[in-house]
Amino acid sequence: MRIFGLIGKDIDYSFSRKYFSEKFKKESIDAEYRNFDIPSIKNFPEISQNNIASGFNVTIPYKETIIPYLDHLDAHAEKIKAVNTIKFEKDGSLCGYNTDYWGFMQSIKPHLGAHHKNALILGTGGASKAIAYALDLLDIQTEFVSRDPENNQFSYSALTTNVLNSHTLIINCTPLGTSPNIEKYPNIPFEFLSEKHLVFDLIYNPSQTKLMQLAAEKGAKTINGLAMLEQQAEKSWQIWNSR
């Protein structure tokens, strides 16, 4: 039996374990998926060096801090500077990949219109890097929105009607609205949204976040992060099984 697992901290909620356990059962795959909940990234070598796993996923807060523990990165992870998938190569080396960008790209493409040329990314954490990279591949210009904006970033108070009119794609990369804190949401001016807007929330639990609800009330199309997670998981499986 092959063992796969998720590296993270406080990951009892793990989407990955549920998804892969169901996949293995449904497809009669002789494998097990475990959570490797570690208090510090310094504990990673204990797991990687005992040869029990065939591959890992990585979640917050370790997508960036795990990089020094890997032997090499694929081209996409190198550019994004964040890793969510680790493969044990035949020579025993560890290679880091990023499948978040792929999952996002595949899940948003069917919903994009010709007018979705400019995007606002809410939040500047680890997830936002993969999203910005995917949008760049899709030829969509991006701007970041932050509570503590740096150069060339918007503050939430700077989101005027002109900014929202010219940015018809909005992606939430903050954790605001995640269960159990389902009443929270990024403080964007919903009055400037219209049916031209597409609002993509990376959160999948609840399936309709407060952000999505308020945006939909203004006519915007909304998508949650479930399909992105499913797509990135399947891409991880493909990487682990590639020669």
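The values are calculated or read from the model by the stated rules, or taken from the named source; none is laboratory data. Predicted, not measured: the structure shown is a model, and the values here were computed from it. Here Cβ is always computed from backbone atoms with ideal geometry, including for glycine, and neighbour counts include all displayed protein chains. These area figures cover heavy atoms from the full protein model, side chains too; ligands, DNA and RNA do not enter into them. Shrake-Rupley method; radii C 1.70, N 1.55, O 1.52, S 1.80 Å.
A few remarks follow.
- Selection within the range 16-44 - in a helix (DSSP H, G or I), farther than 20 Å from residue 64 by Cα and not hydroxyl-bearing (Ser, Thr, Tyr): 17, 18, 20, 22, 23, 24, 25, 26
- Single match in 3, 11, 47, 60 (criterion: part of a strand (DSSP E or B), touching a residue at least 24 places away in the same chain (Cβ under 8 Å) and not charged (D, E, K, R)): 3
- Every residue from the range 107-152 that is in contact (Cβ under 8 Å) with a residue 40 or more places away in the chain and of a type in the set (Gly, Ala, Ser): 107, 113, 119, 123, 125, 126, 127, 128, 130
- Positions within the range 209-243 being closer than 25 Å to residue 193 by Cβ, buried (at least 19 other Cβ atoms within 10 Å of the Cβ), of a type in the set (Gly, Ala, Ser) and within 13 Å of the chain's Cα centre (by Cα), in sequence order: 225
- Taking the range 201-243 as the range and being charged (D, E, K, R) and modelled with pLDDT under 95 as the test, only 243 passes.
- In the range 155-184, the residue that is farthest from the chain's Cα centre (by Cα) out of those that are open to solvent by 50 Å² or more (accessible area, probe 1.4 Å) and among the hydrophobic types (A, V, I, L, M, F, W, C) is 182.
- Residues in the range 63-90 that are part of a loop (DSSP other than H, G, I, E, B) and farther than 22 Å from residue 13 by Cα were compared, and the one that is most open to solvent (accessible area, probe 1.4 Å) is 90.
- Within the range 153-173, residues that are touching a residue at least 24 places away in the same chain (Cβ under 8 Å) and outside any loop (DSSP other than H, G, I, E, B) have Cβ atoms under 9 Å from residues that are open to solvent by less than 10 Å² (accessible area, probe 1.4 Å) and hydroxyl-bearing (Ser, Thr, Tyr) in these pairs: 171/128; 172/209, counting only partners at least 6 apart in sequence or on another chain.
- Checking every residue in the range 46-53 against the condition of being modelled with pLDDT of 95 or more and either of a type in the set (Lys, Arg) or surrounded by fewer than 21 Cβ atoms within 10 Å (Cβ to Cβ) (or both) gives zero matches.
- Checking 119, 134, 127 one by one, the residue that is touching a Leu at 6+ places or on another chain (Cβ under 7 Å), within 18 Å of residue 223 (Cβ to Cβ) and assigned to a helix (DSSP H, G or I) is 127 and no other.
- Within the range 177-200, one or more residues are in contact (Cβ under 8 Å) with a residue 60 or more places away in the chain, in a loop (DSSP other than H, G, I, E, B) and within 19 Å of residue 112 (Cβ to Cβ).
- Residue that is surrounded by the most Cβ atoms within 10 Å (Cβ to Cβ) [pool: residues in the range 91-116 that are touching an Asp or Glu at 6+ places or on another chain (Cβ under 8 Å) and either charged (D, E, K, R) or in a loop (DSSP other than H, G, I, E, B) (or both)]: 98
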